[in-house]
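> I have a structure here, written as C-alpha cells, and I will follow up with some questions on it.
The values are calculated or read from the model by the stated rules, or taken from the named source; none is laboratory data. For clarity, every value in this text was computed on a predicted model and none was experimentally measured. Cβ placement follows ideal geometry from the backbone for every residue including glycine, while neighbour counts extend to all protein chains displayed. We work out accessible area using only protein heavy atoms, side chains counted, and drop any ligands, DNA or RNA first. Shrake-Rupley method; radii C 1.70, N 1.55, O 1.52, S 1.80 Å.
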Amino acid sequence: MTAIDAQLARGPTFSIEVFPPKTERGRDTLRAALDRLEQLDLSFVSVTYGAGGSTRDRTQEVVDEIGARGLTVMPHLTCIGHSRQELVGLLQAYRDAGQRNVLALHGDPPRDNPDLASGDLQRAIDLVHLAREVGGFSVGVAAHPEGHPKAPDRASDRRHQAEKLRVADFGITQFFFRAEDYLTLVDDLAALGVDTPIIPGIIPVTDHRQTARFAELSGASIPPELMERFDAAADAEEVKRIGIDVATALGQRLLDAGAPGLHVYALNRAEATEQVRAALPLDAPRDPQAG
Ligand SMILES: Cc1cc2nc3c(=O)[nH]c(=O)nc-3n(C[C@H](O)[C@H](O)[C@H](O)COP(=O)(O)OP(=O)(O)OC[C@H]3O[C@@H](n4cnc5c(N)ncnc54)[C@H](O)[C@@H]3O)c2cc1C
C-alpha cells in the first residue's frame, strides 16, 4: 500500500473513485468492473463514505476487498454525524489494517436523514488535523473548482479551501467540464501561497440526466452547450461516445497544463474509464508492491 503523496511525487497518477454497493448484485457489478479496471495500472482507488456512517461497514468491506487485490486504496471519511472518538476509532482501524491514505471530508447529510447532527468536528480541516494526530496517513481533501455550493462568496470559499489544502497532502476536485475552472482554482490557491497538488476529478458522462442531478447537488455545472449536445444525441450509445470524447479531451488538456494526475468518477463501471485511459498517453506511477 503506497502513500498517495509519494505516488504524486513520482509523476502523474491515474486513479478512480467507486462507491460501496448496497446489494449483492451491485457487489458483483463492482467486482466485474474492478477485474477489468485493475488492468489499467491504477495508482489508487478511492471508496466513498455515506455521511453519518450510513455506509460505514460497506465502505470498510469494499476497502478491504480492493486492498486484497493488491491495489492502493483510499477510504473517504466524513465529519458529519460522528463524535471525535468514533472518528479516532475508524482512523485507527484503517491504520491497523494497513491503510496509508484517507480522504478527509465534511460530508453532506444523507437524503433520507437531512437533519443528521453535524458531529464534533465542524470542518474537513479538523478531520485532517485528527488524521495527523492518529498518524500514518497521507491525507487528501476535497477541492471545489466552481466553489462550494453553500459558500457565501467566491473569495471566502477560496480562502477556506486554501487553509485546508495548506495542511493536507493533496486535493481531489469535484468533477467539472471546463479546464479553466480547475486552472483558475490552482492559480487562485497559488496566489494565496498554496501549491499542494490538486488532482482533477473527471467524469465520463454515460447518462447526462443522472450527471446533471449529481452536478446540482455538488455545485458543479454542465455547460449549456454540452447539455445541448447530449440532448441532441440520437441514442444512449451516442451520449456515451460524447461523454468519453469530452472526458478524454478535458483530461488531455489538464495533463498538458501540468495537472498532477487524473481521478475518474468511474461509478462502479469499467468501460468508459477504460476508453478514456486508452486515449491518454499517461504512464501513471502505480503501487510498486501491487501484483
Ligand atoms: C473528491 C470528493 C469526494 C467526496 N466524497 C464524499 C463522500 O465520500 N461522502 C460524502 O458524504 N461527501 C463526499 N463529498 C462531498 C463533500 O462532503 C461535500 O462537498 C461537503 O458539502 C463539503 O465537504 P468538504 O470536505 O469540502 O468540507 P469543508 O472543507 O469543511 O467545507 C464545507 C463548507 O464550509 C466552508 N468553510 C470551510 N472552512 C470554513 C471556515 N473556517 N469558516 C466558514 N466557512 C468555512 C467551505 O467554504 C464550504 O462551504 C466529496 C466531495 C469531493 C470533491
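> Can you give the charge dipole size of region 19-154 about its Cα centre, rounded to the nearest 20 debye, using +1 on the beta carbon of Lys and Arg and -1 on the beta carbon of Asp and Glu?
120
> Sticking with this structure for a sec: Using helices alone, I'd like the mean residue ellipticity at 222 nm for the chain: each DSSP H run of four-plus residues gives -39500 (n - 2.57), total over residue count, nearest 500.
Here the helix-only value at 222 nm equals -14500 deg cm²/dmol.
> Rounded to whole Å and sorted largest first, what semi-axes of the equivalent ellipsoid does the C-alpha gyration tensor of region 44-185 yield via the square root of 5 times each eigenvalue?
24, 18, 15
> Let me ask you something else. What size of dipole, in debye to the nearest 20, comes out for region 4-279 about its Cα centre when the only charges are +1 on Lys and Arg C-beta atoms and -1 on Asp and Glu C-beta atoms?
Magnitude of the dipole: close to 400 debye.
> List every residue whose amide H lies under 5 Å from the amide H of residue 270, counting only residues 5 or more places away in sequence or on a different chain, with H placed 1.01 Å from N in the peptide plane.
none
> What does the accessible area per residue of the chain come to in Å², with a 1.4 Å probe and no ligands, DNA or RNA counted?
45
> Starting from region 1-53, pick out the trypsin sites (Lys or Arg not before Pro) whose DSSP state is loop and whose Cβ has at most 16 other Cβ atoms within 10 Å. Mind dumping the intermediate values first?
Details: sites: 10, 22, 25, 27, 31, 36; in loops: 22.
When the trypsin sites (Lys or Arg not before Pro) of region 1-53 are filtered for loop state and at most 16 Cβ neighbours within 10 Å, 22 remain.
> OK, next. In terms of the Cα gyration tensor, with a ≥ b ≥ c the square roots of its eigenvalues, is region 93-176 rounded because a/c is under 1.5, prolate because a/b exceeds b/c, or oblate?
The shape class here is oblate.
> Accessible area of region 172-291 with a 1.4 Å probe: how many percent of it is carbon plus sulfur?
49
> Still on this model: So what are the radius of gyration and Dmax for the Cα set of region 4-279, in Å?
Taking only Cα atoms of region 4-279, I get Rg and Dmax of 17.8, 54 Å.
> Then there's this: Please give the contour-minus-distance gain from residue 160 to residue 253: 0.36 nm per residue of separation, less the Cα-Cα distance, rounded to one decimal in nm. Can you show the working numbers first?
Working: separation 93, 0.36 × 93 = 33.48 nm, distance 2.70 nm.
Taking 0.36 nm per residue and subtracting the Cα distance, the gain is 30.8 nm.
> Further question: If you put +1 on each Lys and Arg Cβ and -1 on each Asp and Glu Cβ, how big is the dipole of region 155-291 around its Cα centre, in Debye rounded to 20?
280
> While we're on this one: Choose one of 138, 152, 194: the residue whose Cα lies farthest towards the positive end of the charge dipole of region 4-279 (beta-carbon charges +1 Lys, Arg; -1 Asp, Glu; about the Cα centre).
So the residue furthest toward the plus end is 138.
> Assign one of three labels to region 215-285, namely rounded, prolate or oblate, based on the Cα gyration tensor with a ≥ b ≥ c the square roots of its eigenvalues; rounded applies when a/c is under 1.5, prolate when it is not and a/b is larger than b/c, and oblate otherwise.
On the way: a/c = 1.76, a/b = 1.44, b/c = 1.22.
Judged from the Cα gyration tensor, region 215-285 comes out prolate (a/c at least 1.5, a/b above b/c).
> Put +1 on the Cβ of each Lys and Arg and -1 on the Cβ of each Asp and Glu in region 1-131; which of 55, 42, 77 then has its Cα farthest toward the positive end of the dipole?
42
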